[in-house]
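The values are calculated or read from the model by the stated rules, or taken from the named source; none is laboratory data. Not measured: the values here are computed from a predicted model. Cβ coordinates were reconstructed from backbone atoms using ideal geometry, including for glycine residues, and neighbour counts include every protein chain displayed. Protein only, heavy atoms only, side chains kept; ligands, DNA and RNA dropped before computing areas. Shrake-Rupley method; radii C 1.70, N 1.55, O 1.52, S 1.80 Å.
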Amino acid sequence: MTINRNWYVVYTKPNMEKKFADQITRLTFGCEVYLPLLTEQKQWSDRVKSVSRPLFKSYVFVYADESEYHHIKRINGFVEYIRFNGKPSIIRTTEIDKIKNIIASGFPCEPAINQFTVGQTVEIHTGSLRGYRGKLVEIKNNTLFAIEVQGLDQSLLMSVPVSMLNKTEEA
C-alpha cells in the first residue's frame with residue numbers, strides 16, 4: 001500500500017510554532033515537520049545573543065497522510081489548516097526545498113505578502129496622482145509598478161510605494 005503524503009500549512013496559536021513543531025517531531029508515526037527559522041543577533045544591555053524566530057509567523061509545514069492530517073488537529077497549538085477555495089492548501093515539495101535553500105544560503109530574507117497581482121486594476125489613492133487607475137502589468141520588489149496607460153499600447157513604469165495603491169474593480 002502506497003502512503004500518499006502532502007505538505008500542508010498549519011496555522012498555529014501565536015508564538016507556538018516551535019512548541020507545535022517539537023510536538024509533531026515527537027510523534028511516533030512518519031509525519032514530518034518543517035519550521036523555517038531565521039537566526040538574528042539581538043543586543044541586550046550586557047550581551048549579544050543569537051535568537052531564532054520563525055520565517056512565517058504562526059505557520060508550520062507538515063508532511064502528512066490523511067490519517068496524520070486529522071491527528072495533527074488535536075495537537076496543542078493547532079488553530080487550523082490554511083485553506084484556499086475551501087480546500088487545504090497543499091505545498092509542492094519543490095517549494096519547500098526552495099524555502100530550505102533560501103534559508104541555507106544565509107542571505108537575509110523576509111516574507112512579503114502578495115497583495116497585488118499582475119493583471120489587476122489598481123488605483124493610486126494619495127498624492128498628486130490620486131485617482132489614477134491602470135492595469136498592473138509588472139511588479140518589481142514591491143515598490144516598482146508598471147501600470148498600463150489606456151489607449152497608448154504602452155506601459156508606464158513608476159516607483160509607487162505599495163501603501164499608495166488600492167485594488168479596484170474594473171469599470
**Study point:** Accessible surface of Thr28 - all protein chains present, 1.4 Å probe, nearest 10 Å²
**Key:** 140 Å²
Practice item. Excluding residues on the same chain fewer than 8 positions from Lys13, give the lysines whose Cα lies under 17 Å from its Cα. Key: Lys57, Lys73
**Study point:** Accessible solvent surface per residue of segment 1-121, calculated while the other protein chains remain in place, 1.4 angstrom probe, Å²
**Key:** 68 Å²
Check your understanding: To the nearest 10 square angstrom, how much accessible area does Asp97 have with a 1.4 angstrom probe?
Key -> 70 Å²
Review point. Using 20 Å as the cut-off for backbone N distance, which residues of segment 13-41 belong to the label zone defined by a point 7 Å from the Cα of Arg47 along Cα→Cβ?
Key: 39-41
Exercise for review: Would you work out what percent of the accessible area of segment 11-73, with all protein chains in place, is carbon or sulfur (probe 1.4 Å)?
Suggested key: 50 percent
Review point. Could you give the nm distance between label points at Lys167 and Ile102, where each point is 7 Å from its Cα heading toward the beta carbon?
Key: 2.0 nm
